[in-house]
């Protein structure tokens, strides 16, 4: 179960606003232009499961991909890697074109024990193709070899250059629906394939997302709409959205959120104005000792969403030891660390509210595939809703093309 | 060698402004109120080295600390862990009070192989004391035992509750100068002790910082002053400072910067106004696929500092392989990954400048103790300079106290 409570300053909206927003997004859903809404149906999931089954003897699951091709899988694995379902395979990412990272990744990486999943929606991402070239050379693999077909598979758009390359040499390929953008692709093969190989229950992941989608379609998600309207309304005066997640397991989830939010909502809108909301991902309680001071005393340009997990499935007690000279810390003795971290979340939230900062709280009962699927879809849906209200194309990223052109020109000269 | 080039919009200042800023900070340095400036002298460094020498047989260096007690050590170790000096000891942090993180940390952690370094400036940090209690209970250690004295040491303010506790039971203790704040403490025992045990050359680390300090005191750091004046001048209209570091090794350094910047500069100033600059840490090229779109097309409320490393000490070639259907990526073949990542840095910077975004570029020749020491002091000094111009107390953090009081009250009821 996931609960969302809202403590906004001036955050009430008229029934008409909410109705308008529901209608606008239902229209987008029904148009068929945006594909991620349909991923919850799990089409083609059987082919993913059967391929995953064949990978039982694989020791290293190696994802070659960047941005939307890596962030979602990382997020889910970090949230759930302590769970029973997770097998002991290694998950390795060739992501950044950083020679130090590449060298670290290659340590103890044997071809025979590894499956390389090459992921690129466009099929031509320079980081990903460069890694692929490097690994082919490093392991001395020819395109025609059995080794290539056995240890490599591709996830890409149907008909992309990478897809055609794979087709030429009979590689196993999975397709990303053409109308699903990279940063909205975690519930496609992009995320489901590696996660399934790692032992996660991908049906449950989709079920969690579907639970939210059904509830939303039944117009039972007032808070989601309220948040979207609120963020859009105060985009000029409160342009920074902080996600304050109380568990270190959320680090990669925060990064996934930052990409989704920044790349979707930072746009020139249909009226020609630059708009956008700046995401900041924090981890509690750690960042109480860092960014919190700025939120409390700095310019009042931030909203904050707190996430807490009720039950981590681990009961770790703070023992009843009174340290000499430190008796003032005795108040926490005999409580669990879960109680402490969640009390810190509550106390920080209260201190924010006391400063008239708009806050909402997401409480997750337990971390499992179902709640994680729900959370992924929650943020995708919230992004779409804010995008509608900001009057932008939420799903493109024209701003990053210029750098790619400049890069290529540097080498052509 | 480290070079800083500035490409600001309206970023020139009169000689008088620069002179004023130099004078203001020289006054602060000479007052003796702020201690971090003097850490470069390396007083008491011999006691750190001799204690570190005794830890040769230790396999796990375990830091129990949060915020300023952990971020700096993490930053330096991530930047340099690929270097020759780094020995093969494990570095483990008990930082967040997250039961999942605690469980992961305890895996294969044997007391006999470990040194626990408990770090808390105030001596009463609730996360740190809770971890300490837990570990004492977990390993069944009494205060009076030889085990406690052998496997634990404290780094804290002289006279703090933790210091007194250590004194009562004859534990090895190192002191943080009273006038050095936690987030400015990396070049005190807080950072130097664990880093020295891990094999790093801490003399060189201090030398790097001293190089910058000497150059600054000789008034040869125009760019630093220019940046500080620029950030302060545009604090209202460009309140977000992005640090875009082109290597995954900078992740923890970015986090260290975020704490330093947010907690130092997010303040109610001496005139009673809320001021502050919001730090964002990015990694290139990864975050070209994430946050970059927002910088380019979103609201023009951001400045960007790019960091690139000229030579990673590793030559990894992108092989001259032409992938079928992907010939358009051939332009990068036969170049090194270093050339690619740095060309991406240059291309992204050019695309930002083309959008009239104020940018500066820090070029580091090689990553070693000396350049890292320089970079740490660079950001500390920049923070102090901006703080002077913002008319704030850069060194306190009153905003986080309220949450601590609320937390304690929750348990007293």
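Give just the number: which of (1) more than 30 Å from residue B:33 (Cα to Cα); (2) under 24 Å from the mean Cα position of the chain (by Cα) does residue B:356 not satisfy?
Exception for residue B:356: condition (2).
Restricting attention to the range A:100-122, does a residue exist that is in a loop (DSSP other than H, G, I, E, B) and closer than 27 Å to residue A:206 by Cα?
Yes; the residues of the range A:100-122 include at least one that is in a loop (DSSP other than H, G, I, E, B) and closer than 27 Å to residue A:206 by Cα.
Let me spell it out: the conditions are (1) assigned by TED's automatic domain parsing to the domain that holds residue A:279; (2) under 26 Å from residue A:29 (Cα atoms), and residue A:242 meets all of them except one. Which number is the exception?
Result: residue A:242 fails condition (2) only.
Of B:159, B:191, B:166, which residue is without any contact (Cβ under 8 Å) to a residue 40 or more places away in the chain and either buried (at least 22 other Cβ atoms within 10 Å of the Cβ) or part of a strand (DSSP E or B) (or both)?
B:166
If you check residue A:290 against the conditions, is it touching a residue at least 40 places away in the same chain (Cβ under 8 Å), outside the structural domain of residue A:87 (by TED's automatic domain parsing), touching a helix residue (DSSP H, G or I) at 6+ places or on another chain (Cβ under 7 Å) and closer than 29 Å to residue B:267 by Cβ?
no
Residue-wise test of (1) more than 13 Å from chain A (Cβ to nearest Cβ); (2) crowded, with 21+ Cβ neighbours inside 10 Å.
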residue	(1), (2)
B:310	no, no
B:321	no, no
B:329	no, yes
B:335	no, no
B:353	no, no
B:369	yes, yes
B:391	yes, no
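Taking the range A:157-170, which residues are over 28 Å from the mean Cα position of the chain (by Cα) and more than 10 Å from chain B (Cβ to nearest Cβ)?
Once the filter is applied, which keeps residues that are over 28 Å from the mean Cα position of the chain (by Cα) and more than 10 Å from chain B (Cβ to nearest Cβ), the range A:157-170 yields only A:170.
Please work out which residue is surrounded by the most Cβ atoms within 10 Å (Cβ to Cβ), limiting yourself to the range A:355-367 and to residues that are closer than 26 Å to residue A:21 by Cβ and within 14 Å of chain B (Cβ to nearest Cβ).
This residue is A:359.
Answer with yes or no whether residue A:316 is at the interface with chain B (Cβ under 8 Å from one of its Cβ atoms) and surrounded by 22 or more Cβ atoms within 10 Å (Cβ to Cβ).
no
With respect to residue A:248, determine if the residue is surrounded by fewer than 24 Cβ atoms within 10 Å (Cβ to Cβ) and free of Cβ contacts under 8 Å to residues at least 12 places away in the same chain.
Judged against the criteria, residue A:248 is not a match.
Please tell me if residue B:97 is within 14 Å of another protein chain (Cβ to nearest Cβ), in a loop (DSSP other than H, G, I, E, B) and under 26 Å from residue B:123 (Cβ atoms).
yes
Kindly provide the set of residues from the range B:50-84 that are surrounded by fewer than 17 Cβ atoms within 10 Å (Cβ to Cβ) and assigned to a helix (DSSP H, G or I), ordered by number.
B:50, B:53
Name the single residue that is farthest from the other protein chains (Cβ to nearest Cβ) among those in the range B:276-300 being surrounded by 24 or more Cβ atoms within 10 Å (Cβ to Cβ) and farther than 30 Å from residue A:128 by Cβ.
Only one residue tops the list, namely B:277.
Find the helices (runs of 4 or more DSSP H) located wholly in the range B:333-413 whose residues include 3 or more that are at pLDDT below 95 and outside the structural domain of residue B:242 (by TED's automatic domain parsing), and list them.
Answer list for the range B:333-413: B:401-412.
Out of the range B:251-308, which residues are in contact with a strand residue (DSSP E or B) (Cβ under 9 Å, 6 or more places away or on another chain) and in a loop (DSSP other than H, G, I, E, B)?
Residues satisfying the conditions are B:266, B:269, B:276, B:277, B:284, B:290, B:291, B:298, B:299, B:300, B:301.
Can you tell me which residues in the range B:228-245 are touching a helix residue (DSSP H, G or I) at 6+ places or on another chain (Cβ under 6 Å) and either facing chain A (nearest Cβ under 8 Å) or surrounded by fewer than 19 Cβ atoms within 10 Å (Cβ to Cβ) (or both)?
none
For the range B:262-274, what are the residues that are at the interface with another protein chain (Cβ under 7 Å from one of its Cβ atoms) and surrounded by fewer than 24 Cβ atoms within 10 Å (Cβ to Cβ)?
B:268, B:274
The values are calculated or read from the model by the stated rules, or taken from the named source; none is laboratory data. These numbers come from a predicted model, not from an experiment. Using ideal geometry, Cβ is built from the backbone for each residue, glycine included, and neighbour counts are taken over all protein chains shown.
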